Every structure is written in structure tokens, then in C-alpha cells.
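Here is the structure we will look at, set down as C-alpha cells.
The values are calculated or read from the model by the stated rules, or taken from the named source; none is laboratory data. Everything quoted here is computed from the prediction, not taken from an experiment. Neighbour counts are summed over all protein chains in view; Cβ atoms, including those assigned to glycine, are modelled from backbone coordinates with ideal geometry. Accessible surface is based on the protein model in full, side chains and every heavy atom, while ligands, DNA and RNA are left aside. Shrake-Rupley method; radii C 1.70, N 1.55, O 1.52, S 1.80 Å.
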Amino acid sequence: DYHARSTGVSARGELKNAITYYKVLERLPGYTLLELRPKTGRTHQLRVHLRSISYPIVCDQVYAKGRVCLEGLSRQALHAQSIEFKLPTGKDIKVEAPLPKDLKKALANLRGL
């Protein structure tokens with residue numbers, strides 16, 4: 001099941017309307033793997049919404065200050081698996097990308113593999 005988060009406060013403290021649907025994929029020790037589907041496209045939308053429900057993105061230097069970053073990660077634990085859009089010609093495009101090695105390794109470590 002997908003849940004929705006509808007508003008958040010930006011890094012500058014501004015309240016902005018936005019909608020993000022999220023689904024729990026896996027619960028790990030101290031972490032939760034989520035699938036996120038933004039309906040709107042605000043800057044930092046996913047990061048703001050997750051912080052507002054006390055689930056900031058791992059290694060986020062702005063919205064998760066002071067939290068421990070997972071060993072082996074030097075960036076946010078955020079990955080766009082796919083994106084879909086329509087070209088001006090009307091043609092639908094879908095681009096997919098596999099999970100990067102550093103995120104695969106971080107997940108394997110959390111799973112104890």
C-alpha cells in the first residue's frame with residue numbers, strides 16, 4: 001500500500017505544497033527501505049517529506065544533520081530507479097537504472113549478507 005505525504009518545510013523554512021506517495025519495501029535494523037513516487041516536483045521534495053516523518057534520507061547533509069552515514073556511502077542513499085515523461089512530440093519515454101554498487105553493498109551490509 002502507498003501512503004501520501006502532502007506538505008513539508010523547505011530548508012529555508014518555507015511551507016510548500018507537494019505530494020509524495022511512499023511504500024515500505026523492507027524494514028532493516030535502524031533503517032527502512034522505501035519506494036517513493038513524487039506526484040509534484042518541488043525542489044528537495046522527497047528529502048523534506050521524509051524528514052518531516054522522521055525518516056530522513058541516509059547521508060543527507062542538509063535534512064539529516066548529525067545522523068550517522070552508512071559505512072561505504074559518500075552520498076545520499078537516494079536512487080531514481082525509473083523516470084517517465086512525455087516528449088513535446090507526444091512520445092512517452094521511460095528510463096530505468098539499476099541500483100548502484102554502493103547502495104547494493106550498503107543494503108547487503110544492513111541485511112547481514
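Conditions tested, residue by residue: (1) under 13 Å from the mean Cα position of the chain (by Cα); (2) open to solvent by less than 40 Å² (accessible area, probe 1.4 Å).
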| position | (1), (2) |
| --- | --- |
| Ile57 | yes, yes |
| Val62 | no, no |
| Arg67 | no, no |
| Gln81 | yes, no |
| Pro88 | no, no |
| Val95 | no, no |
| Arg111 | no, no |
Within the set of pairs 6 or more residues apart or between chains, which connect a residue that is closer than 15 Å to Ser74 by Cα inside segment 93-113 to a residue that is open to solvent by 100 Å² or more (accessible area, probe 1.4 Å) with Cβ atoms less than 8 Å apart? Asp102/Ser74; Ala106/Glu71
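Residues that are at pLDDT 90 or above: which strands (runs of 3 or more DSSP E) entirely in segment 2-87 hold 2 or more of them? Outline the logic, then answer.
Values: elements: 3-9, 15-28, 31-38, 82-86.
Fully inside segment 2-87 and qualifying: 15-28, 31-38, 82-86.
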Select from segment 32-47 the residues that are under 24 Å from Ala108 (Cβ atoms) and not charged (D, E, K, R) and list them in ascending order. Thr32, Leu33, Leu34, Leu36, Leu46
